[in-house]
Amino acid sequence: MGLEPTTAASDALGCIGFMNAALGVRFLPAFLAFLAALFRARQQSALDGVLRAAEAFVTLGDIEVVTQCVRIAKLLAAQDPEKQADVRAFTARLADPALTVQKLQPR
């Protein structure tokens, strides 16, 4: 287990601080729920859950956390070509200049 819980708590506090400054307090309940989902998905090595959390953070406009979600997704997909393709498809949708929140919703 090591330092993972401590690192996760530190990451969460850093994300909360950034979120408060960038997005405002009104999004805090959603942000915290999405963050909990992200950490749960990461702990369970659930790629789909990490990508769903990333989609949720897109709706908040929190690109910093979306970037972290993509990093986690890449780590989870490292040994599976099919999962790697899922991550590439997700990042391709993020890179689309005509991106809308509706385009990111699961199909």
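Each reported figure results from applying straightforward, stated rules to the coordinates on display, with no laboratory input. Because the structure is predicted, anything quoted here is derived from the model rather than measured. Positions of Cβ are generated from backbone atoms using ideal geometry, with glycine treated the same way; all protein chains shown enter the neighbour counts.
Peptides 37-45, 52-60, 74-82 ranked from most to least packed by the mean count of surrounding Cβ atoms within 10 Å: 52-60, 37-45, 74-82. Between Ala30 and Asp80, residue separation times 0.36 nm minus the direct Cα-Cα distance comes to 14.9 nm. Computed from backbone phi, the HN-Hα couplings of segment 51-59 come to 5, 5, 5, 4, 4, 5, 5, 4, 5 Hz, rounded to whole numbers (Karplus: 6.51 cos²θ - 1.76 cosθ + 1.60, θ = phi - 60°; Gly and Pro given as x).
Pairs of Cα atoms nearer than 8 Å and 6+ residues apart set the relative contact order; for segment 44-86 it is 40 percent.
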